[in-house]
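Each remark here refers to the structure printed beneath this line.
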């Protein structure tokens, strides 16, 4: 099987455009595949000349989505060293800790992110600022490339940190096999060709962008367009760059749909939009508005539990899992009961049906966290991979997410999961994004349900409208009605657009300048909190 290294080597003489971007003057610039591979080859040689052969060949990169980031990715593949993607939303000691735990020798940083490490202690790490005369000179004078190794498919290509929505990020070892397999799978699934133009707006330090965009672009020999995500600029970007394929993770579709619709939104070349964590409503609306196909799947950074949608996937479901994917009770180690729904469509046996998504056959493509045996042991138990995601499965094998394992709430003696409540609240047209989480019950042991919502641009919502909406949802349990509703200007999120609920839960009803509604115990009306 091919590796990232061998694929890039084969692209050295490929026809077509590899990278399309805007220069500092706003003009479109194209790099051919030979030019791109040539730049990456020289970059790799210059990097390897800086490495200590007695230390692990780990090179961190702290860089925006840009041609320089794409060069750094290709250089790591060609050079056989491990690229460590640094999350540019990390700060101070947290950022330094990520670098230290990864045994990084070199840190490549662009000018836009240089300030993030100005006062950060990075012992035994050589910092190289991309684009400076000194570094440009070293690349120009680089010797012919002698890779650190000729890689095997199981060798790590990158270390990619988990999103950190439910704890400290962990460095996942991402193999050449995983990257190439993902690209080949998507090329076959969507019939991708060298004519594709790939919109790379998701952070290239994260697995979604690598597996769902960089990889199929490399496999096809298509054109990569690295940009910073902008909801307001999205439709213009599609036309300006001739985009045919895009990936997403988290809530970018919701951000885009929150902007005013324009008559020419569907006037674009976009064919495929592939990602995960979009709501049914956003999938439908985005498909209509931009006249494209949206395919939403499920996969974690570890790539151990894979779930795919099919044409007849029921609303609310994320699809069916690959062989071995199941839902187990973490306490008993036994498979959970099949989900049963009442006449309204609500889950009737949540306590028995909701459990943790697992891969019963083992780790799948997961090859472990780097330098973190405790996290490895937490994920791999009894020969199975435990994802940390809550879910339930119906009689036909369709899987429904219920949140993270930290999303359980104990309300009036009943266990509630956040996921089903969020899927109901997002039906309300005025709401763009929503997060449901538990806050301590001030009057009893357990939790109260709290919802934080962001409205669409220019949308308005009154307590009465919200009450009427909740009352009209037949599958919403009375206990699942939020006790508190935060009308937020924005929600805390990771760089990959995933909402950080632990921050919201820690703030509880201390909502700053946001509006807070509250309903009384057993009441069904909301009023501004005093």
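The values are calculated or read from the model by the stated rules, or taken from the named source; none is laboratory data. Please read all numbers here as calculations on a predicted model, not as lab measurements. Quick reminder, even Gly has a Cβ in these numbers, built from the backbone with ideal geometry, and neighbours come from all protein chains shown.
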Please state which of the following conditions residue 494 fails to meet, knowing it meets all the rest: (1) over 22 Å from the mean Cα position of the chain (by Cα); (2) in contact (Cβ under 8 Å) with a residue 24 or more places away in the chain. (1)
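Test of understanding: among 56, 67, which residue is over 23 Å from residue 209 (Cα atoms) and surrounded by fewer than 24 Cβ atoms within 10 Å (Cβ to Cβ)? Spell out how you get there, then give the answer.
Details: 67 fails: over 23 Å from residue 209 (Cα atoms).
Selected residue: 56, the only one of 56, 67 that is over 23 Å from residue 209 (Cα atoms) and surrounded by fewer than 24 Cβ atoms within 10 Å (Cβ to Cβ).
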Could you tell me whether residue 485 is touching a residue at least 60 places away in the same chain (Cβ under 8 Å) and not in a loop (DSSP other than H, G, I, E, B)? no
Subset of the range 412-444 (residues that are assigned to a loop (DSSP other than H, G, I, E, B) and at pLDDT 90 or above): 426, 427, 428, 429, 430
Would you confirm whether or not the range 511-518 contains a residue that is farther than 21 Å from residue 407 by Cβ, assigned to a loop (DSSP other than H, G, I, E, B), modelled with pLDDT under 90 and out of contact with any strand residue (DSSP E or B) (no Cβ under 6 Å at 6 or more places or on another chain)? no
Please state which of the following conditions residue 208 fails to meet, knowing it meets all the rest: (1) in a loop (DSSP other than H, G, I, E, B); (2) touching a strand residue (DSSP E or B) at 6+ places or on another chain (Cβ under 7 Å). (1)
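State whether one or more residues within the range 351-358 are over 17 Å from residue 322 (Cβ atoms), touching a helix residue (DSSP H, G or I) at 6+ places or on another chain (Cβ under 8 Å) and not in a helix (DSSP H, G or I).
Let us first name the residues in the range 351-358 that are over 17 Å from residue 322 (Cβ atoms), namely 351-355.
The next check asks that each one be touching a helix residue (DSSP H, G or I) at 6+ places or on another chain (Cβ under 8 Å); those that pass are none.
Scanning the range 351-358, I find no residue that is over 17 Å from residue 322 (Cβ atoms), touching a helix residue (DSSP H, G or I) at 6+ places or on another chain (Cβ under 8 Å) and not in a helix (DSSP H, G or I), so the answer is no.
For the subset of the range 7-27 comprising residues that are free of Cβ contacts under 8 Å to residues at least 12 places away in the same chain and over 11 Å from residue 218 (Cα atoms), which member is surrounded by the most Cβ atoms within 10 Å (Cβ to Cβ)? If you could, list the steps in order and put the result at the bottom.
In the first step, residues of the range 7-27 are kept if they are free of Cβ contacts under 8 Å to residues at least 12 places away in the same chain; the result is 10, 22-27.
Now narrow it down to the ones that are over 11 Å from residue 218 (Cα atoms): 22-27.
On the way: 22: 15, 23: 9, 24: 5, 25: 6, 26: 6, 27: 8.
Taking the candidates together, the pick is 22.
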Name the pairs whose Cβ atoms lie under 7 Å apart, with the first residue in the range 106-134 and at pLDDT below 95, the second surrounded by fewer than 14 Cβ atoms within 10 Å (Cβ to Cβ) and not in a loop (DSSP other than H, G, I, E, B), and 6 or more positions between them or separate chains? 120/92
Among the residues in the range 83-101, are any within 25 Å of residue 145 (Cα to Cα), in a strand (DSSP E or B), at pLDDT 95 or above and over 24 Å from the mean Cα position of the chain (by Cα)? no
Which is under 29 Å from residue 231 (Cα atoms) and surrounded by 12 or more Cβ atoms within 10 Å (Cβ to Cβ), of 503, 509? 503
